[in-house]
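The values are calculated or read from the model by the stated rules, or taken from the named source; none is laboratory data. The structure presented is a predicted model; accordingly, all values stated were derived computationally and were not measured. When we count neighbours, we look across all protein chains shown, and the Cβ atoms used for this are built from the backbone with ideal geometry, even at glycine. Protein only, heavy atoms only, side chains kept; ligands, DNA and RNA dropped before computing areas. Shrake-Rupley method; radii C 1.70, N 1.55, O 1.52, S 1.80 Å.
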Amino acid sequence: FLDDGAVFGLLHILMIVVYSTANCKTRRDENQWQDAFTCGEWMVVSNLTASLIGDFILHRSYSFVYDDHPDRFPAYARVAQAGLVGCFVGVVYCQATSRIFHQGVIGSLAGVIGIVIGFLEMTLTPSSISQKVWIPLIPRRFVEMMGSTSQEVWLIPIPRSILWLLQFLSNEVTMEVGGSVMHFHRYEILGYWSFVLIASIPLTVKVCKWVEAGGSLSWRRVVIARKFFHLVAVILFTPITWIDSEMMALSYTIATTLLMILEIIRCYSFGQESGNMTLSLNAFYAIFLDEKDSLAANGGLTITHITLIVGCAMPLVLSQIVNATDDGSFILRLLPYVGVIVLGIGDSVGAVAGVTFGRHQWPGGSSRTLEGSLSMFISMLTALCLAGFDDFFTAGTFLAIMTLLEASTTQIDNLCLPVAGTSLAALLAAIDVSNR
């Protein structure tokens, strides 16, 4: 009863109309969220968002009408989708009602969190949660001593989304390495991430002080410091993408949602009386702003840190949709790592090399240098060689095109490079399949 193409098309048109309202305003003395995007960037964002929301609407509609409607996506993917859609709806709602109800930052934050939880509760059913799940806050031995059953534990008023997450984290993951089978729980992945983040805190403090002491060369230090976070992303994302791609995909969603909530706190509290935490957050952001995030210095929206997460997640999600790991094609095996390789390694090394010893700029007025682009290409090719990828012709072709695109684009790298890389990988994979 719903045409898929019509739903996606209408949502996309609606988002373009909403974006264009900024150009129709006569007063431009206030920052608008549209100012954070160029037209090309918003076309990408609106396409991705329309696809995400459209598929959610269609799935919920079909599930409501047909009890036995098959779902081509696993449960974790639906949970991730519901969380992102809920966060997007919550942000739009708070933006639309902020000047009507004057709810402030606390009210806006509560509204977004409440809507996200509501979407998750709507997606999850009691049957999607095992009756064997137990609450870590309640010692298992205490529950057994009291003679409580699993049904009695369910009487505790805890949202289904929390119960599902605890069940998901307690699942055992199996992987084969060098002929031996390894077993571990997802809680151990959380331990690894916590260790990396805690270890990076002292380095982050030193990087902040180093940037602030830069003087006339601070812009170079800002570029290098921003790429420090790309390095942290490589350490966080790469091994887990290989070990447990489902955990990584869900974590990308959670990270994106949390960063959007933090951005709401920062934007709504800018220029107002706020607590020490908000002031520290704005001061921290101000250290690393470049020309793409210049509006954030006056309370505008900044999106480059969010697009870094989205850019790393996009190729992985597509690879899971097409079951890329089940194919022997080199380019499909590479697909889950495209975002991490291009943004985390290539773009970072190219930017650092360009501002450090780059002397010859690309023709046409580009700010990129030939030295930086060459460093980007070599670093990505080296990473693939160390990872065991041996199809040098395909890898060289793919990486050369991505390097040229990075040198010529004026859009946000974190957004346009993963989109182009994912599309290019799909095209090369289709050519490889047709030649078999």
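Worth pointing out:
- Placed amide H near F184: partners under 5 Å, 5+ positions off or other chain: V173
- Estimated FRET transfer efficiency when R0 is 45 angstrom, pair A75-I401 (beta carbons, to 0.05): 0.80
- In this structure, the amide hydrogen of Q361, modeled 1.01 Å from its nitrogen in the peptide plane, lies closer than 5 angstrom to those of L370, counting only residues at least 5 positions away or on a different chain.
- Relative intensity, log₁₀ I(q)/I(0), of the stretch 310-427 from a Debye sum that treats every alpha carbon as a point, q = 0.17, 0.23 Å⁻¹: -0.78, -1.32
- Across the stretch 167-172, rounded Karplus estimates of 3J(HN,Hα) from the backbone phi angles (6.51 cos²θ - 1.76 cosθ + 1.60, θ = phi - 60°) give 5, 5, 6, 7, 5, 8 Hz, Gly and Pro being marked x.
- Under 15 Å, Cβ to Cβ, from I113 - net charge with Lys/Arg +1 and Asp/Glu -1: -2
- Within the assembled protein chains, the solvent-accessible surface assigned to Y187 is about 100 Å², based on a 1.4 Å probe.
- For the stretch 394-399, Karplus couplings with θ = phi - 60° (6.51, -1.76, 1.60), whole Hz, Gly/Pro x: 5, 5, x, 5, 4, 5
- Solvent-accessible ranking of R266, R160, largest area first, probe 1.4 Å: R160, R266
- The calculated FRET efficiency for T409 paired with I162, based on their beta-carbon distance and R0 = 35 Å, is about 0.25.
- Within the full protein context, the accessible area of C208 is estimated at about 20 Å² for a probe radius of 1.4 Å.
- Rounded FRET efficiency, nearest 0.05, which uses the C-beta distance separating W219 from Q32 and R0 of 25 Å: 0.45
- Spin-label model distance (nm) - Y192 vs D4, 7 Å beyond Cα toward Cβ: 3.4 nm
- By a 1.4 Å probe calculation restricted to protein chains, I261 has an accessible surface near 20 Å², given to the nearest 10.
- Fully extending the segment from A286 to T97, taken as 0.36 nm per residue of separation minus the present Cα-Cα distance, adds 65.3 nm.
- Accessible area per residue (1.4 Å probe, heavy atoms of protein chains only) ranks W193, W242 as W242, W193, with the largest value leading.
- The gain in end-to-end length when the M175 to T382 segment is fully stretched comes to 72.0 nm, 0.36 nm per residue minus the alpha carbon separation.
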